[in-house]
Amino acid sequence: MMPDVIGFWTLAVLLVGSGLSVVLSKNLFHSVLWLAASLIGTAGIFLLLDAEFLASVQVLLYAGGVITVVVFAIVVTEKLVGERLSQVSRRLGAAGLVVALIVASVIAVIRQVPDGGPAPELTADLTKWIGLAILTHDVLAFELLGVLLVAGLMAASYFARPED
């Protein structure tokens with residue numbers, strides 16, 4: 001068996017296991033830690049696909065930044081509410097049925113796609129092309145995302161302030 005295939009299946013098991021742990025964990029803080037594990041597993045999948053830039057962005061922005069903000073929000077919320085927060089997963093049977101149907105649909109679609117053979121070699125600098133696309137063609141979306149993130153940070157600081 002090829003190392004790429006072994007790596008993929010290892011990361012797939014990590015992703016499915018951590019994704020289930022995010023949903024099924026009763027402790028909200030533990031769910032966030034499992035989410036961080038699944039985001040790092042996604043970065044591993046990007047590395048297997050030779051997308052180093054996307055893997056680094058995944059680790060820095062999502063596994064680093066977003067998880068830090070979520071942990072901060074949990075800590076502040078628990079301090080404001082004064083009690084420990086927990087989550088309850090309801091309707092697990094119906095959710096399991098929906099997941100089984102989605103998995104069956106995905107497997108059916110995958111079986112219809114012919115094997116494309118080995119991946120072609122990359123000849124261009126993908127990081128350069130991603131940067132050019134973000135800062136030329138998609139600059140409006142990039143700037144709006146920045147405004148949205150600043151608004152979110154301002155809202156978090158407003159709700160985290162002590163009552164006067």
Inset, instruction - Return yes or no: is I134 under 18 Å from L54 (Cβ atoms) and under 23 Å from the mean Cα position of the chain (by Cα)? - result: yes
Inset, instruction - Give the residues of the range 12-35 that are over 30 Å from D125 (Cβ atoms) and among the small types (G, A, S), sorted by residue number. - result: G17, S18, G19, S21, S25, S31
Legend entry - Residue in the range 1-13 that is farthest from V76 (Cα to Cα), counting only those that are in a helix (DSSP H, G or I) and open to solvent by 80 Å² or more (accessible area, probe 1.4 Å): P3
Legend entry - Selection within the range 25-54 - open to solvent by 90 Å² or more (accessible area, probe 1.4 Å) and within 11 Å of the chain's Cα centre (by Cα): W34, I40
Legend entry - Which listed residue, of V16, V57, V22, V71, is surrounded by 13 or more Cβ atoms within 10 Å (Cβ to Cβ), in a helix (DSSP H, G or I) and without any contact (Cβ under 8 Å) to a residue 12 or more places away in the chain: V57
Legend entry - Residue list for the range 31-53, filter: in contact (Cβ under 8 Å) with a residue 40 or more places away in the chain and either of a type in the set (A, V, I, L, M, F, W, C) or outside any helix (DSSP H, G or I) (or both): V32, L48, D50, A51, F53
Inset, instruction - Return the pairs, sorted by first residue and then second, in which the second residue is of a type in the set (F, W, Y) and surrounded by 10 or more Cβ atoms within 10 Å (Cβ to Cβ), the first residue lies in the range 149-164 and is under 19 Å from L61 (Cβ atoms), the beta carbons are less than 9 Å apart, and the residues are 6+ apart or on different chains. - result: A156/F72
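The values are calculated or read from the model by the stated rules, or taken from the named source; none is laboratory data. In this text the structure is predicted, and so the values were computed from the model without any measurement. FYI the Cβ positions are ideal-geometry reconstructions off the backbone, even for glycines, and counts take in every protein chain you see. Accessible surface is based on the protein model in full, side chains and every heavy atom, while ligands, DNA and RNA are left aside. Shrake-Rupley method; radii C 1.70, N 1.55, O 1.52, S 1.80 Å.
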